[in-house]
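Read through the structure below, which is laid out as structure tokens, and then see the notes.
Each reported figure results from applying straightforward, stated rules to the coordinates on display, with no laboratory input. Keep in mind that what you see is a predicted model, and the values were worked out from it rather than measured. Heads up, the Cβs are rebuilt from the backbone with ideal geometry, glycines too, and the neighbour counts pull from every protein chain shown.
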Amino acid sequence: MSSLLSRSFLFVPANRPERFDKAVASGAHQVILDLEDAVAPADKAAARRSVMEWSGRADAIVRVNGADSTFFAADMEMIRSAGVTRLMLPKSEPAALNRLVGSLDGPCRIIALIETVKGYAELRSIGKSGLVAQLAFGNLDFGIDSGVTETAQELDPVRLQIVLESRLAGLAPPIDGVTTSWADPVAFGAAVGRARALGFGAKLCIHPAQVKLVNEAFLPTTDELDWARRVMAAAEGGGGAAVALDGKMIDAPVIRRAEQILGSIGAT
């Protein structure tokens, strides 16, 4: 994970234009203008107009409605007219992705939101399709579709598979799903830490209060940075020979891990 990669993705209802600039100012690395779940059917048209009229739309991601929904065609007409080039597709499955791409008139960075059991079963074909830049986990909808109630770590096997398939396809580290509570920073921090440990590189946020915690949690700790620097110094001092640090052998995987940690903050 590079420090240049986005770690926090903040949803904003697309029918609340007064919040758009506030979301940008929150410190979120990416702002997602949401046309889907956050917007009632009666407000969809107004939400599209708000996206179209916002001067910052070129730097935002737009989550459109599902490819099988009655709102999708109008969403894509707005996307083309507004020149939006960064999209999030809910309930991503191969057919939905193909319909999305077929509705575009130019290159677009697509985040595929995995929210269904069918999408999970097709992870490999989605990841290797050449159509998506990144995967994200829609844990709430996935729990409903799968019948699994997530009270703790019940969906972590799904998370791990999304991480592995992202790696196999050469995609950026995936984005973990939302945590609905922001009033308990300890519980939220634990959820973010677990996502990072599983190999995620970012997290979806639903409230500005979550942004700072996410941005900090996906960075290496002071102890990790100290360890990585000592590993690199020991390896350099060994001149290519096997060396030990803290009673442990330093080999190629250890050096690679240290390089990744230092690379995540742009260190050399």
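Brief remarks follow.
- Size of the stretch 222-263: Rg and Dmax of its alpha carbons, in Å, are 9.3, 28.
- Farthest towards the positive end of the charge dipole of the chain, among the residues Leu245, Pro174, Ile255, is the Cα of Ile255, using unit charges on the Cβ of Lys, Arg, Asp and Glu.
- Using a simple spin-label model with pseudo-atoms 7 Å out from Cα toward Cβ, Ala183 and Arg109 lie 3.6 nm apart.
- Springs between Cα atoms under 10 Å define the GNM used for the chain, and in it the highest mean-square fluctuation of Ala112, Ala60, Ala46 occurs at Ala46.
- Each stretch of four or more DSSP H residues adds -39500 (n - 2.57); spread over every residue of the chain, this sum gives -12500 deg cm²/dmol at 222 nm.
- Gap separating the Cα centres of the stretch 155-208 and the stretch 4-27, nearest whole Å: 18 Å
- Fraction of antiparallel bridges per DSSP, the chain only, in percent to nearest 5: 10 percent
- Working note: Debye formula, equal point scatterers on the alpha-carbon atoms of the stretch 8-217, no solvent; log10 I(q)/I(0) at q = 0.10, 0.11, 0.18 Å⁻¹ is -0.39, -0.48, -1.36.
- Counting lysine pairs in the chain that sit 8 or more residues apart in sequence, or on different chains, and whose Cα atoms lie under 20 Å apart gives 8.
- Electrostatic dipole magnitude of the stretch 222-263 [Cβ: Lys, Arg +1; Asp, Glu -1; Cα centre; debye, to 20]: 100 debye
- Charge dipole (Cα centre; +1 on Lys/Arg Cβ, -1 on Asp/Glu Cβ; no other charges) of the stretch 8-217 amounts to roughly 480 debye.
- Fewest-first ranking of Met76, Met249, Met52, using other Cβ atoms within 10 Å as the exposure measure: Met249, Met52, Met76
- Compared with the direct C-alpha span, the chain from Thr85 to Val148 gains 19.3 nm at full extension, assuming 0.36 nm per residue.
- Of the trypsin sites (Lys or Arg not before Pro) in the stretch 1-65, not one is in a loop by DSSP (not H, G, I, E or B) with at most 14 other beta carbons within 10 Å.
- A DSSP coil position with no more than 15 other Cβ atoms inside 10 Å describes the following trypsin sites (Lys or Arg not before Pro) in the stretch 64-136: Lys128.
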